[in-house]
Amino acid sequence: MTKIRFQLLICFLIFSTSQVIAQGKITKKELKPFIGNWKGSLTYIDYSSGKPYTMPANLEIKKGLNANELLISNIYPNEPKANSVDTLIISPKENSFDGAAVKSITRLSDGSTQIITESNDTDGNDKKPALIRHTYTISKTNYSNRKEVQFFGETKWMKRHEYSYLKNM
């Protein structure tokens, strides 16, 4: 899933920087801290009702077959049919994280790192064209991934969902 791929990209970039760096690069060295099990929740805005809904969500990250890959398992304890496994691919040459351009990498005052990516895609039940922004914030014990959407022709950003995790130590 692209959601998980973006989340990992942000995490990688956060640990590799100490200040705001435009167009940060991701290397395989940054992948190691994200390997493990994460427990948390997903809060999303329902497409039909427009109301927020929160559910348990866990994440398991393992090394992939290649050095620039991670295997990501999304686990939803209350909705196991929604579980998924995906491969995250990091492309330092193209400055992308699974196809999304890295816009910034920032070291925050609390010591965590924030990575922002953007890509053109579609969103909503009617698959409207949109600019998709993922904001990944990660520390040694916490990780979040917020997705925001700006439909083409509009100036307002809409928060679509946010994953929040604590790392199982």
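Counting only residues that are surrounded by 19 or more Cβ atoms within 10 Å (Cβ to Cβ) and of a type in the set (D, E, K, R), the range 85-115 holds 1 of them. Of all the listed residues (Asn95, Asn78), the sole one being at pLDDT 85 or above, of a type outside the set (Val, Ile, Thr) and farther than 19 Å from Arg146 by Cβ is Asn78. Test Glu118 against the criterion of being within 15 Å of the chain's Cα centre (by Cα), within 19 Å of Thr54 (Cα to Cα), without any contact (Cβ under 8 Å) to a residue 24 or more places away in the chain and surrounded by fewer than 21 Cβ atoms within 10 Å (Cβ to Cβ), and give yes or no. Criteria not met by Glu118.
Out of all the residues in the range 137-156, which are surrounded by 13 or more Cβ atoms within 10 Å (Cβ to Cβ) and farther than 20 Å from Tyr76 by Cα? Answer for the range 137-156, where residues must be surrounded by 13 or more Cβ atoms within 10 Å (Cβ to Cβ) and farther than 20 Å from Tyr76 by Cα: Thr137, Ile138, Ser139, Glu148, Val149, Gln150, Phe151.
The values are calculated or read from the model by the stated rules, or taken from the named source; none is laboratory data. This structure is a prediction, so every number in the text was calculated from the model and none was measured. Positions of Cβ are backbone-derived with ideal geometry, glycine not excepted, and every protein chain shown enters the neighbour counts.
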